[in-house]
């Protein structure tokens, strides 16, 4: 029964064509049905049936996502057939489905070996293609000798494919270099353009990973550069030279001439021309003639109708922009025209180029043009424009901005652009400018006021961050505003219910600051003896603040009270907290205002409270360096890294709910003196004294934690964290005590020519710390092997070319150390692992590579 | 280096997929879907190069099929555009006025041509004549 079944299956097997036709009819279960058929067919012994089944399976796997890993063994079976057609199907299936994890991978090693040594070149090429696709370390190691033989094969086709495979083999099994490299290099001198193209392709890939090792081959590459007429080859050679010339400047000089020659040809292909231009821009930009010629040619690209060429022209300009801005400036009109192109890629490139052209003088003009574009564009591009303006202007602490008033009004304008989604960045810059640039605070308050007053902006969720910055600024620098009453009103308007609670809290806190300021001014204006004080306070704030009559102040207070009473019952803890603070404060001072100011007694409770509050808000907030935290010296006896795990177990039930109330930083009950400096010292004492608690007093611990919750360390924050009153979420969380930043935070930048406002810069850079590139340890053995191969070769070549002066370009390394390193290298060849660490150290020193002197 | 080549029609069905870098099955699906979305919406007047993740896709539309080639960022775009055109010319010559159906029913032959043309992600044969000769030799072996 079984045999007749199999006979039936063999005879009536659906061919691939039938399968495809069936699939196109669109039956939904057809795939699963065919899959079952295939499973049956593929187990049969007849090779034809098997291979057709495998073919069908490959088709399904490739185009319909069917998994074919289960058929791996059958693929091996099919490959061992002697018929070429079957072999082809088998190899195709293998190349498609095998991966490093396929268990039967080892089984094909022998088959590959057989096929690679076969006399039939087609079988050889099949095997090579398969190896190229699935080569693993083991396969590469085992088959290196076969590949080596093939590299010298007389049949060009085979040689070409072997060269292609070599790349993969080297990658997986670097020791293959010892065997194959020589032949590979010999092929560089081949006259067959196809072989040449293959070899050059391999070297192109190798050089992009590790250019230094291939410098000795520069003369051969140079010959090809000058002689070859094949565009593909030339393009690859140019890429190689781009990499080599960037590490060896003398090469650049030598190569510039042939490159110019190619560029000047009459009907040079556009692809080659572009590659020449790209090479010149990226690596040969120091060569005058080449550069000028390239820029002239780029002009042709930019004005061409073909959008591809236009895009490439812009792209090339952006490569050269950092070093040679004049090239970009020459083509300004083309760039501006490209801004209104339809293709988003082209627009983006044009935008980047425009931003590269920006400097102090033209920043206003360019921003104006860009904002106009932004208003007319789709949301994506609009935000790109806004983003790039923000980045360019804030680089290096606002280096290019001279007129901060104009910039702040620009930021306000950005907030009103309908598609603006860069709220966070704008918020950050508003606050940043406020803290760093004293002279701009007036304008900042003006801009903030305009933003706060408009109720329409409150509904737009993208603008919430900007509004929170505006609110913070208005509160912090309220002394600059014309009408604190208006500000307070805007901060408490009913539409603010649309804001998320965290921002609402900021609003309320700013209203608090406005209140404190106003009442303080009122009180000090009242006291006739302290008229001097009043004069001081009004002269320090550059805006008109006198004139707080009884009426105005009482209306302010009552307005605030009215606005806030509805909030005192809200769900959000933060909002409720702040509301209660303000209301409590008002409660304390209200009666003082209510009375006519007859009592001269400045010692009333209200006055004292007032004095406290003013004290709190008088400390000027400065910008905080990102490295400031590390500069805080750790006091002795403070244990930061002690493991608190035992705590966790003991107090698990208690700690969880308490952890949530960490956000509240204000203690309503204690009216404690709030000097921030004192607070940090105190909390250090408490922190050290509270660790470790006795295991029994879980409840005490809970209470302690509730009271000083923030002093229980999490991994990031350190000891000094009670933010006190003056901060809110806008400023950096790591806020070292005031007496520690006063020294290094106020370094005014002196500007010589124009009256530019002072921007406080800290000692950090603006760029994030870039990690040094770790040299990939994968390439180490390969580059080492190549270098040893080349050095061995170099000595042989020396005798042949007599006017070759072996020049060591690294004069800074002494001869003796060089020999030492060579010896080390030879000795280390055997053991890879132990030497890898030493190699990493050596890698940082320039490797002594012999560069044949091309200048002769 | 070429990372993968995709032939897709306008509806998103893949007619040919050849990957030169190892990818999981699910990854392959995602990639095919993303690339299709990327190229199908672009106007004919736009450039033929788009950025795709950290690489580039160079594509061209021939009748109802999109030929997309994904290469490294540093590769020469115009050269690969030529390469796509060369491939199409060869297909045309081989199948005599090729159409999508030809590719569907002869997918193994298309793979064969592709393997002659590109090896391990690098272009290895740029002469149309040579490839066609090879293909006729191979046909004789069948």
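The values are calculated or read from the model by the stated rules, or taken from the named source; none is laboratory data. Keep in mind that this is a model prediction, so the values were computed, not measured. Positions of Cβ are backbone-derived with ideal geometry, glycine not excepted, and every protein chain shown enters the neighbour counts.
Spot the failing condition for residue A:128; the list is (1) more than 9 Å from chain B (Cβ to nearest Cβ); (2) within 15 Å of residue B:122 (Cα to Cα), and only one is missed.
The failed condition is (1).
Can you name the residue in the range B:102-132 that is at the interface with chain A (Cβ under 10 Å from one of its Cβ atoms), more than 13 Å from the chain's Cα centre (by Cα) and farther than 23 Å from residue A:202 by Cα and, of all such residues, is modelled with the lowest pLDDT?
Across the range B:102-132, the extreme among qualifying residues is B:108.
Go through the range A:300-324 and count every residue that is over 19 Å from residue B:51 (Cβ atoms) and in a helix (DSSP H, G or I).
Qualifying residue count, the range A:300-324: 5.
Can you name the condition, by its number, that residue B:32 falls short on among (1) surrounded by fewer than 19 Cβ atoms within 10 Å (Cβ to Cβ); (2) within 11 Å of chain A (Cβ to nearest Cβ); (3) modelled with pLDDT of 85 or more; (4) within 30 Å of residue A:22 (Cα to Cα)?
Condition (1) is where residue B:32 drops out.
Do we find a residue being farther than 23 Å from residue B:16 by Cα and within 13 Å of chain B (Cβ to nearest Cβ) anywhere in the range A:52-67?
Within the range A:52-67 (the criterion being farther than 23 Å from residue B:16 by Cα and within 13 Å of chain B (Cβ to nearest Cβ)), the answer is no, since none of the residues qualifies.
What residue, among those in the range A:83-111 that are within 14 Å of chain B (Cβ to nearest Cβ) and more than 21 Å from residue B:111 (Cα to Cα), is modelled with the highest pLDDT?
Per the stated criteria, the residue is A:105.
Tell me the residue from A:73, A:12 that is modelled with pLDDT under 80 and more than 22 Å from residue B:106 (Cβ to Cβ), please.
The match here is A:12.
For the range B:75-101, what are the residues that are more than 7 Å from chain A (Cβ to nearest Cβ) and over 15 Å from the mean Cα position of the chain (by Cα)?
Passing the criteria: B:75, B:93, B:94, B:95, B:96, B:97, B:101.
I'd like to check which helices (runs of 4 or more DSSP H) are fully inside the range A:87-178 and have at least 2 residues that are touching a strand residue (DSSP E or B) at 6+ places or on another chain (Cβ under 7 Å) and on the phi < 0 side of the Ramachandran plot.
A:121-134, A:156-172
Output the residues belonging to the range A:12-34 that are away from chain B (no Cβ under 14 Å), within 50 Å of the chain's Cα centre (by Cα) and crowded, with 18+ Cβ neighbours inside 10 Å.
Across the range A:12-34, the qualifying residue is only A:34.
Residues that are in a helix (DSSP H, G or I) and within 14 Å of another protein chain (Cβ to nearest Cβ): does the range A:333-342 have at least one?
The answer is yes, given that some residue of the range A:333-342 is in a helix (DSSP H, G or I) and within 14 Å of another protein chain (Cβ to nearest Cβ).
Working only within the range A:303-319, note down all residues that are buried (at least 21 other Cβ atoms within 10 Å of the Cβ) and more than 12 Å from chain B (Cβ to nearest Cβ).
Selection gives A:317 alone.
With under 24 Å from residue B:60 (Cβ atoms) and in contact with a helix residue (DSSP H, G or I) (Cβ under 9 Å, 6 or more places away or on another chain) as the only criterion, which of A:286, A:305, A:343 stands out?
From the options A:286, A:305, A:343, the qualifying one is A:343.
To keep it simple, each residue is scored yes or no on (1) under 19 Å from residue B:115 (Cβ atoms); (2) surrounded by 23 or more Cβ atoms within 10 Å (Cβ to Cβ); (3) modelled with pLDDT under 80; (4) within 10 Å of another protein chain (Cβ to nearest Cβ).
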residue: A:137; (1), (2), (3), (4): no, no, yes, no
residue: A:152; (1), (2), (3), (4): no, no, yes, no
residue: A:167; (1), (2), (3), (4): yes, yes, yes, yes
residue: A:174; (1), (2), (3), (4): no, no, yes, no
residue: A:177; (1), (2), (3), (4): no, yes, yes, no
residue: A:190; (1), (2), (3), (4): no, no, yes, no
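Give me the residue from the range B:133-142 that is more than 7 Å from chain A (Cβ to nearest Cβ) and touching a helix residue (DSSP H, G or I) at 6+ places or on another chain (Cβ under 8 Å) and, out of that set, farthest from residue B:5 (Cα to Cα).
Ranking the candidates gives B:137 first.
Of all residues in the range A:191-201, count the ones that are out of contact with any strand residue (DSSP E or B) (no Cβ under 9 Å at 6 or more places or on another chain) and in contact (Cβ under 8 Å) with a residue 12 or more places away in the chain.
7
All but one of (1) away from chain B (no Cβ under 14 Å); (2) under 37 Å from the mean Cα position of the chain (by Cα); (3) at pLDDT below 80 hold for residue A:182; which doesn't?
(2)
Could you look through the range A:224-235, keep only residues that are touching a residue at least 12 places away in the same chain (Cβ under 8 Å) and part of a helix (DSSP H, G or I), and pick out the one that is farthest from the other protein chains (Cβ to nearest Cβ)?
Checked the range A:224-235; the qualifying residue farthest from the other protein chains (Cβ to nearest Cβ) is A:226.
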